[in-house]
Protein chains: 2
Amino acid sequence: MSLSNITYVIFDVYGTVVDWRSCVIAEARALGERKGIEGVDWEAFTDAWKDGYRPAMDEVNAGKRAWTTNDVLQRQRLEEIAGEFGLQGLSEADKDGLNRAWHRLAPWPDAIPGLLRIKAETPIGTFSNGSFHLLANMARHSGLPWDFILSADNFRAYKPAPEIYLGAIELLGGEAERILLVAAHNYDLMNARKHGMKTAYICRQTMFGPNQDRDLEAEDDWDIVTDSIEGAADALCG
Amino acid sequence: MSLSNITYVIFDVYGTVVDWRSCVIAEARALGERKGIEGVDWEAFTDAWKDGYRPAMDEVNAGKRAWTTNDVLQRQRLEEIAGEFGLQGLSEADKDGLNRAWHRLAPWPDAIPGLLRIKAETPIGTFSNGSFHLLANMARHSGLPWDFILSADNFRAYKPAPEIYLGAIELLGGEAERILLVAAHNYDLMNARKHGMKTAYICRQTMFGPNQDRDLEAEDDWDIVTDSIEGAADALCG
């Protein structure tokens, strides 16, 4: 496919554009070293932290809890698991600072070169469960050249709720087939296609770590299948 | 004031950043020439078109009509007044094309240089009653280097409804005093200040044309008072 019929290219962020896992592990480990905390399995801690999102977001989507932005869900989950993983003696400021690691995630090496090529032809934006403020901070910190930011905050609903897909389509002019979602998560693309968007799959086989057991390959005939944002740019920009 | 305590700088667009009036007059006149339409007062037509917004937006804010994006309000108003001003013989496509003139508004000469200087230090975004799709198109067409777009569409409310100010503050991290609104309209700054934002006034004495009778000067002690976006950059960036 080409960009000739595409008005906007939107991107999932965690995993697709940024390597959240390595970044959070590194920031948590660095904090532990500063605070003299030993014996923590930082990989397991980070995975457990991330694993808390989905259930929390599902509760919000199901109406079991009021709208709560991702930043707050992350901070609550950190509070829940810090003791369990042996992170003792952290002040509130330490925990707030660690939670802000999610605002400082670094892109995969192919991300910025690919984004710049696509941006040269078509406006690009985020389409993420991350909070708006987090996504804006991350863009600034990591040099992500978004033209606009779309966040779950804008729709007060998390993927895969229909409201976030339909809300994005409405904001972006109402023509779903002119919007391309780029994502490393098959479930996200499945929902985007259900609502009429075009789809580009980026295979990221280590985004969940060395034991990744899902999203190892394209699970449908997505419009583009590749393994980097540069690859998506190759397909789109020729 | 400096940017040291400011996290985001947001901008009103019509009048503040772009010269909507000259652009719409020029596009309407050019359409008239292509279609052989004579005897139209293009300035009066453009002013009447713009004058229709406020009542239509007020009806939406008052709940007298369902949420309707600015693009649609503009198109309906065009339909209402085209005959009155002698714009005869326009096809639906002609009128759709003329309505899109609002997606192609050009910046004042000081706008892009000033925006780039501010953007180098702090993320910048729109804060406009224009539709999201319109603002994204305009950014691309006119080279406006926004980091993010906030539109009435995001909040389903038009300025000066509290929902749009409070919604923007929430999306941008919740600290109103760290958000600076730049606007050429005193009413907009008054509402921003009421909700705790910082304020920068840009004096645009011809944004409503040669007979402008409002917003000719700062009507309060705004944090910055200047006459261009470059002037705002001087105040902010030193």
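The values are calculated or read from the model by the stated rules, or taken from the named source; none is laboratory data. No experiment lies behind these values; they were computed from the predicted model shown. Note that we place each Cβ from the backbone using ideal geometry, even for glycine, and neighbour counts take in every protein chain shown. For accessibility, only protein heavy atoms count, side chains too; no ligands or nucleic acids. Shrake-Rupley method; radii C 1.70, N 1.55, O 1.52, S 1.80 Å.
What to note about this one:
- Percent of Cα pairs exceeding the 20 Å cut-off, where the set is region A:1-136: 52
- Cα-based reach from B:LYS198 at 24 Å (exclusive), listing lysines while leaving out same-chain residues under 8 positions away: B:LYS119, B:LYS159
- Backbone geometry of region B:121-130 corresponds, through the Karplus equation with coefficients 6.51, -1.76 and 1.60 at θ = phi - 60°, to 3J(HN,Hα) couplings of 10, 8, x, 10, x, 7, 8, 9, 6, x Hz, x marking Gly and Pro.
- Under 19 Å from the Cα of B:LYS194 - aspartates and glutamates, other chains or at least 8 residues apart: B:ASP12, B:GLU163, B:GLU170, B:GLU175, B:GLU177, B:ASP215, B:GLU219, B:ASP220, B:ASP221, B:ASP223
- With Cα atoms, 0 to 90° folded angle of helix B:70-82 axis to chain B main axis: 30
- About its Cα centre, the dipole of chain B is roughly 600 debye, where the only charges are +1 on Lys and Arg Cβ and -1 on Asp and Glu Cβ.
- Taking every Cα-Cα distance in chain A and sorting them into 10 Å bins from zero, the calculated P(r) comes out as 8, 32, 36, 18, 5, 0 percent.
- Over the protein assembly as shown, accessible surface divided per residue gives 40 Å², non-protein components excluded, 1.4 Å probe.
- When chains B and A come together, the accessible area they lose, probed at 1.4 Å and totalled over both chains, is close to 1800 Å².
- The candidates B:LYS35, B:LYS50, arranged from most to least accessible area with a 1.4 Å probe in the full protein assembly, appear as B:LYS35, B:LYS50.
- Backbone phi angles across region A:148-155, fed through the Karplus curve with coefficients 6.51, -1.76 and 1.60 (θ = phi - 60°), yield HN-Hα couplings of 7, 10, 10, 10, 3, 4, 5, 10 Hz in residue order; Gly and Pro are listed as x.
- Qualifying GluC sites (Glu not before Pro) in region B:4-96, where qualification requires a DSSP coil assignment and no more than 13 other C-beta atoms within 10 Å, comprise B:GLU38, B:GLU84.
- Region A:1-71: C-alpha gyration tensor shape, a/c 1.5 cut-off, then a/b vs b/c: oblate
- With contacts taken as Cα pairs under 8 Å and at least 6 residues apart, chain B reaches a relative contact order of 27 percent.
- Per-atom-type breakdown for region B:21-103 gives carbon and sulfur 46% of the accessible area (1.4 Å probe, protein chains only).
- Beta bridges per DSSP, both residues in chain A: antiparallel share near 5 percent.
- Simple spin-label estimate for A:MET190 and B:ASP94 in nanometres, 7 Å along Cα-Cβ: 5.1
- Sorted largest first, extent of the protein assembly as shown alpha carbons per principal axis (Å): 82, 53, 40
- A:CYS23 sits with roughly 30 Å² accessible to a 1.4 Å probe, with DNA, RNA and ligands left out of the calculation.
- Spin-label pair B:LEU3/A:TYR53, simplified geometry with 7 Å Cα→Cβ offset, distance in nm: 2.9
- Once the Cα atoms are used to define both axes, helix B:162-171 deviates from the longest principal axis of chain B by about 50 degrees.
- Nearest 10 degrees, 0 to 90: helix B:20-35 Cα axis against chain B principal axis: 20
- Prolate/oblate/rounded call for region B:192-236, Cα gyration tensor, a/c under 1.5 rounded: oblate
- Take every Cα pair under 8 Å whose residues are at least 6 apart in sequence, average their separation, divide by the length of region B:21-103, and the relative contact order is 39 percent.
- The distance separating the Cα centre of region A:76-153 from that of region A:1-28 comes to 10 Å.
- Farthest toward the positive end of the dipole of chain B, out of B:ASN70, B:LEU181, B:PHE85, is the Cα of B:ASN70, where the dipole comes from beta carbon charges about the Cα centre.
- By average C-beta atoms within 10 angstrom, highest first, the peptides A:13-21, B:137-145, B:69-77: A:13-21, B:69-77, B:137-145
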